[in-house]
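Here is the structure we will look at, set down as structure tokens.
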Amino acid sequence: MNKYFFIFFLTIFLASCTNSNEEDAFSNNDCNTDDVTYLSAVRQIVDTKCVSCHSSGTTNGIILEDYDNLVIYIENVFFQINSDLMPPSSSIDLTECEINQMESWYENEMPL
Ligand code: HEC
């Protein structure tokens, strides 16, 4: 009997380990793509992944630091993300969840 308990706990232990990886957790059902707004999710994604190179203080001409500017560039933003051109370093690529949230937001006409 003890052997089965051990296997039972081992299984739970291993399952909790794999879930501690952020990306794995997101690719399960934890990704909320309902009612995504700029302020609830999109701003944070763009702030973390893009704005370090795309604020008014940078020189490449693409400003993504506020809602109005993001909306201006949005088609190109999706093109860059989906072609894996931006962000330029794969170490800060958007997670699958972040891409799904951005797309859901776009399809809902980009609510603020
Ligand atoms: C490490 C700096 C850096 C980060 C982070 C970054 N970019 Fe860029 N991005 C650039 C530079 C430099 C250019 C201009 C030169 C080029 O096109 O490669 C650019 C160009 C662009 C362009 C215009 C491309 C064109 O040629 O039409 C878009 C749109 C863009 N970035 C979107 C994004 C988005 C969206 C993110 C976040 C997901 C992001 N970038 C993250 C540096 C960055």
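Packing-based ranking of 72-81, 87-96 yields 72-81, 87-96, ordered from highest to lowest mean Cβ neighbour count within 10 Å.
Across the stretch 52-68, coupling constants 3J(HN,Hα) worked out from phi with the 6.51/-1.76/1.60 Karplus curve, θ = phi - 60°, read 4, 10, 10, 10, 5, x, 9, 10, 7, x, 9, 9, 10, 8, 9, 4, 4 Hz, and Gly and Pro carry x. The fraction of all Cα pairs in the stretch 31-107 landing in successive 10 Å bins from 0 to the largest distance is 19, 58, 22, 1, given as whole percents. Model label points for E103 and E75, set 7 angstrom from Cα along the Cα-to-Cβ axis, are 1.9 nm apart.
Between C53 and D30, the simple spin-label model (points 7 angstrom out along Cα→Cβ) gives 2.8 nm.
Computed from label points 7 Å out along Cα-Cβ, the spacing between N82 and L39 is 2.9 nm.
Taken together, the values in this text are just the output of simple stated rules run on the coordinates, not laboratory data. All values derive from a computational prediction rather than experimental measurement. Positions of Cβ are generated from backbone atoms using ideal geometry, with glycine treated the same way; all protein chains shown enter the neighbour counts.
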